[in-house]
Amino acid sequence: MTGKYTTDLLPQLPKLPLPELDETLKRLSEWAAPLLGEAERDKFADQIKQFQQSDAQELQALLLRNWTETNASWLAPIWRHGYLTDRQPIQSTSNFGLTISPDRLPDLNQIDMAAKLLQNFADQYLAYAKEEVPVETSKTGQAVDMSYYQNFFRTQRQPHSGSDRLQRTRATVTNVEATVIYHQTFYQVRLIDHAGRVSTLHSLTEAFKEIMANAVTDSFFVGAYTGLPRDNAAKLRLHLASDSDNHVNLDRISNSLLVVTLADQETPISLKETLLGPNERVFDKTIQVVIDTSGGLGIAFEHSDIDGVPALNLLKTVVANLSQPADAWDAKGKPHYQQLKWRLDNYTREALAEAQHQNTETARSIQFASNPMTIFGKSDLKALGISPDAFFHTALALAEYKTTGAWRSIYEPVSMRAFYQGRTENARSINVGKRDFAEAFAAGSRDAAVKQLFDHAVTEHTDRVHLAQKGFGVERHLLGLKYMMQQNGGEAAFPDAAEFFNSGFLKQLETDFFSTTGVPYDLIDTFSFAPTSNDGYGIYYGILDDRILLTVSAWDTNPFGAEELLTVIRESLKEVYGWLKAM
């Protein structure tokens, strides 16, 4: 994987712009307005003005120099740094997971599913490594960024004290392994041989049969350390690697294409098990696949250097090819695999047992609820002349107001793949139009004036999303300014900036009560991630032609459970849609 998806795209893709400081601060005041009272808005305006007239100018100049000195994205390394310095368990902060809809899968048993799936991932890896995959384009035919596809394969976010490191193995086309976990035991299975040939189905299925027949399994699961808080994970990994044999094993796992867990369970793999385990997972490997005994699939992704849309594009191809018939070559081949042997001292055994306990507690702390809305979908909304995404977020604002009686910030990611190394901007869904509409609608108003409020909310939403798509959102710019402060003397050198970035009003905007994502792929059965604030919720919505996929995640300590909030969201969607359709 060389220039085709990276440097060759530089001339074809615009460089992510650096917004003007005054414009960003003006938008900041507007975006925060519906979350604040009148006196709070006035005080926040004073804080913005003080920042604007002092440290902001120097920080903008530093960021502009940073922008000028790179022909890539000024934001990408800053964004990555934010992920890698987060010290919390990544399965409940960074990762996202999904289960595949059963009707999109062929009727294969666990072993055949695992073999075919690994073949397909290997084929995709080679297609990218050999630059055979066409460059993706937008609806208008414009090329979009593909630089992050290289980060899916043979990568791992390795824990280190203070800041993790992204381990990327060079994209060779020979001698590639997959890591397989069965009964807490690690195996390295040959996936691509010395001549660049993908292992046959017969070779892989025979390897899995022998693995599952192995009566000698590990008493302690070494991968448990990956679910710990990252500094603790770093300490335990470092101790493990102090043994030379363990060091080699850890390197082989890092260098492998991906991790596959053969789950010894008859019940279908759940979203919670996929994302949070707690057993038999390597949480910091970029791709972790879980296959249950009936051939059901769950896939978790480590999010630091990849995003949802490329992940689903990759999965769409892998899953579609599961139904392709085997060829004559696939009936041949010997199994090639090796069980990894670990040397564990008493300290390591105790630490792994404690890690497993902590991972179990992390998994218990989050609940999920899924239930698709099937009475309407994208086609119905478009028939009414309404943007499906704007409709959803306007109804979601109503659901928030019904639930809390107040206004808190909602995160909506917006793709910036039109730019080189473009990831996402945040459009902050709550706006004045949505607030006014939701309050009137919740009070029972259904007249023409409320319809005008709805139309204004939808227009304001669409305009904000378009700004974000062009690179002119608010929070990524503020993130860059804050990073410049941190890298150039910190709060002591920029006291006014420190006061601004620590503002409680700014934190109200930046704290996600609802963190949302909408990736509409019909291969998804369920999709989610952990809430991103202490009392918040994670909300996935996939607006398909005939239905809306919905999943909610919530902390067990939240005042409303995931199922309760999901019910309110569904009711709000149904109520607003029914009202619009009846007009």
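The values are calculated or read from the model by the stated rules, or taken from the named source; none is laboratory data. These numbers were taken from a predicted model, which means no experiment stands behind them. Cβ sites come from the backbone with ideal geometry, for glycine too, and all protein chains shown count toward neighbours. All accessible areas refer to the heavy atoms of the entire protein, side chains included, with ligands and DNA or RNA removed. Shrake-Rupley method; radii C 1.70, N 1.55, O 1.52, S 1.80 Å.
So here's what we get for this one:
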{"quantity": "Directionally averaged projected area (convex hull, Cα atoms, region 155-291), nm²", "calculated": "9.1"}
{"quantity": "Relative contact order of the chain, pairs being alpha-carbon contacts under 8 Å that are 6 or more residues apart, as %", "calculated": "22"}
{"quantity": "Cα long-axis angle, helix 21-32 against the chain (0 to 90 degrees, to the nearest 10)", "calculated": "90"}
{"quantity": "Amide H contacts of residue 143 (H built 1.01 Å from N, under 5 Å, at least 5 apart or other chain)", "calculated": "138"}
{"quantity": "Probe 1.4 Å, protein heavy atoms only - accessible area per residue of region 435-479 in square angstrom", "calculated": "44"}
{"quantity": "√(5λ) per eigenvalue of the Cα gyration tensor, region 442-583, largest first, Å", "calculated": "34, 21, 17"}
{"quantity": "Cβ-Cβ FRET estimate between residue 161 and residue 447, R0 fixed at 51 Å, reported to 0.05", "calculated": "0.25"}
{"quantity": "All lysines inside 25 Å of residue 209 as judged from Cα atoms, apart from same-chain residues fewer than 8 positions distant", "calculated": "116, 285, 332, 334, 341"}
{"quantity": "Viscosity 0.692 mPa s, 37 °C: Kirkwood-radius Stokes-Einstein D of the chain over Cα pairs, µm²/s", "calculated": "130"}
{"quantity": "Histogram of C-alpha separations across region 156-206, 5 Å bin width, %", "calculated": "5, 16, 17, 20, 17, 14, 7, 3, 1"}
{"quantity": "Calculated log₁₀ intensity ratio I(q)/I(0) where the Debye formula runs over C-alpha points of region 58-104, q = 0.14, 0.24 Å⁻¹", "calculated": "-0.59, -0.88"}
{"quantity": "Region 434-532, accessible surface, carbon-and-sulfur percent (1.4 angstrom probe)", "calculated": "48"}
{"quantity": "Tilt relative to the chain, helix 308-320 - C-alpha long axis, 0 to 90 degrees, to 10", "calculated": "40"}
{"quantity": "Size of electric dipole in region 508-557: Cβ of Lys, Arg +1 and of Asp, Glu -1, about Cα centre, debye, nearest 20", "calculated": "20"}
{"quantity": "Spatial separation of Cα centroids for region 453-507 and region 159-220, in angstrom", "calculated": "43"}
{"quantity": "Under 12 Å, Cβ to Cβ, from residue 161 - net charge with Lys/Arg +1 and Asp/Glu -1", "calculated": "+3"}
{"quantity": "Accessible carbon and sulfur surface of region 336-424 relative to its total accessible area, %, 1.4 Å", "calculated": "48"}
{"quantity": "Pairs of Cα atoms farther than 17 Å apart, region 1-81, %", "calculated": "62"}
{"quantity": "Dipole magnitude of region 152-218 about its Cα centre (Cβ charges: Lys, Arg +1; Asp, Glu -1), debye to nearest 20", "calculated": "360"}
{"quantity": "For region 482-489, Karplus couplings with θ = phi - 60° (6.51, -1.76, 1.60), whole Hz, Gly/Pro x", "calculated": "5, 5, 4, 4, 5, 8, 10, x"}
{"quantity": "Neighbourhood net charge (13 Å Cβ-Cβ; Lys/Arg +1, Asp/Glu -1) for residue 383", "calculated": "0"}
{"quantity": "Options 314, 97, 221, ranked by Cα towards positive dipole end of the chain, top entry (Cβ charges)", "calculated": "314"}
{"quantity": "Using alpha-carbon coordinates, inclination of helix 432-442 to the longest axis of the chain, degrees", "calculated": "90"}
{"quantity": "D_trans [Stokes-Einstein, Kirkwood Rh over alpha-carbon pairs] for region 242-375, 37 °C, 0.692 mPa s, µm² s⁻¹", "calculated": "184"}
{"quantity": "Surface per residue (accessible, 1.4 Å probe) for region 136-202, Å²", "calculated": "40"}
{"quantity": "Charge context of residue 14, other residues only, Cβ under 14 angstrom, K/R +1, D/E -1", "calculated": "+2"}
{"quantity": "Which listed pairs, of 15/402; 378/451; 15/130; 26/382, have C-alpha distances above 30 Å, in listed order", "calculated": "15/402; 26/382"}
{"quantity": "Rounded to the nearest 20 debye, dipole of the chain from Cβ charges on Lys, Arg, Asp, Glu", "calculated": "860"}
{"quantity": "Among 181, 159, 195 the positive-end extreme of the charge dipole of region 141-217 (Cβ point charges)", "calculated": "159"}
{"quantity": "Descending Cα extents along the principal axes, region 63-158, whole Å", "calculated": "56, 40, 25"}
{"quantity": "Loop-resident sites, region 30-135, for GluC sites (Glu not before Pro), counting at most 15 other Cβ within 10 Å (DSSP)", "calculated": "69, 131, 132"}
{"quantity": "Accessible surface, per residue, of region 354-414 when the full set of protein chains is kept, probe 1.4 Å, Å²", "calculated": "37"}
{"quantity": "Neighbour-limited loop hits for trypsin sites (Lys or Arg not before Pro), region 443-531 (at most 14 other Cβ within 10 Å; DSSP other than H, G, I, E, B)", "calculated": "446"}
